[in-house]
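Here's the structure, in structure tokens; my notes come after.
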Amino acid sequence: MIRRKVRFLLFLAVLWFVGFGIYVFNSDSDDRREEGRMKFHPLQADTSQLDHNEVVEPKKDTLYWDLNPDKSYQSFDERTYISKTIVNSGQDAYARNKFNQVESDKLKMDRDIPDTRNPLCKKKNWDKDLPQTSVIITFHNEARSTLLRTVVSVLNRSPARMIKEIILVDDYSDNPEDGKELEAISKVVVLRNAKREGLMRSRVKGADFASAPILTFLDSHCECNQNWLEPLIQRIRENPKAVVSPIIDVINMDNFQYVAASADLKGGFDWNLVFKWDYMQAAERTARDRKSVV
């Protein structure tokens, strides 16, 4: 009787181990399939053959619908502005900004970048009477070339009617002229702190000065892409309490190639309230795909 019970218990133990092994194997397979779906191929802009004195027109399939951007920046003397802070021979190109300033200084202020949007985004239409926004950009000792490209990309890739003003908040940079000279560009206003205030106080200062009903905060070394503004403002019109953020692509810190980021991301905070990006779960992607992707 005892031996019979022992054999039965051994049989149950073997059965449990076999079932557990099958479960682990299937879980690993699901994870591998999930990981395979999350991979993406970076889309890079080839600037190796670019003649920086030549104007490169964007391809027709990258133009925006009804954009009519403000092109007044084209009269700005970018070479003179950038030449005052170039990296001299023998100097470290990464010393001041932790990215390759030499490569950044080579690029045109309105260089073309690849359209990295989800194909469904290109089929979307937005309200044609969207409200204006004040774009607030804070900086401290930013490389002139990256700061200029940030400002120009806002003007060049936004409907002119939607940009009320671009407020540059200079957080006490060593050279006040880094920002001051950019006031020659239409819609650009420069505020300078009397001492270092930090990112948040500087943004609050810009917000206090802004006159548009919607505030848009940007870093001082970014480049806006196709239809970046309309879907953000559309969501705020739909829900005035919303705080929205776009997919953020990557600019390579060494060669400044533009690299697409995955669209299957969601923003969130860890328990230290540090913001981070996480991949969506399969169920979240399915629910998102039932709606329009912007």
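Below, the figures for the structure above:
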| read-out | value |
| --- | --- |
| Rounded to the nearest 10 Å², the accessible area of Val244 at probe 1.4 Å | 50 Å² |
| Rounded D (µm²/s) - region 77-185, Kirkwood Rh over Cα pairs, Stokes-Einstein at 25 °C, 0.890 mPa s | 154 µm²/s |
| Rounded, prolate or oblate (a/c below 1.5 giving rounded, otherwise prolate when a/b exceeds b/c) for region 161-294 by Cα gyration tensor | prolate |
| Sites matching chymotrypsin sites (Phe, Trp or Tyr not before Pro) across region 194-274 that sit in DSSP coil, with at most 13 neighbouring C-beta atoms within 10 Å | Trp271 |
| Efficiency of FRET from Cβ geometry, Phe217 and Arg79, R₀ 25 Å, rounded to 0.05 | 0.30 |
| Region 175-218 shape via C-alpha gyration tensor axes, a/c threshold 1.5 | oblate |
| Potential extension, Ser72-Tyr279 segment - 0.36 nm per residue separation minus Cα distance | 70.5 nm |
| Stretchable slack from Tyr94 to Arg161, in nm (0.36 nm times residue separation minus alpha-carbon distance) | 20.4 nm |
| Within region 124-283, percent of DSSP bridges classed antiparallel, to nearest 5 | 30 percent |
| Computed Rg/Rh of region 128-183, alpha carbon atoms with Kirkwood Rh | 1.02 |
| Where Leu191, Leu168 fall by accessible area, highest first, once all protein chains stay in place (1.4 Å) | Leu191, Leu168 |
| Solvent-accessible surface ranking, highest first, for Lys180, Lys124, Lys98 at 1.4 angstrom | Lys98, Lys180, Lys124 |
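The values are calculated or read from the model by the stated rules, or taken from the named source; none is laboratory data. Note that the coordinates shown come from a computational prediction; the quantities given were computed from them, not determined experimentally. Heads up, the Cβs are rebuilt from the backbone with ideal geometry, glycines too, and the neighbour counts pull from every protein chain shown. Quick note on the areas: whole protein, heavy atoms, side chains included, nothing else; ligands and nucleic acids left out. Shrake-Rupley method; radii C 1.70, N 1.55, O 1.52, S 1.80 Å.
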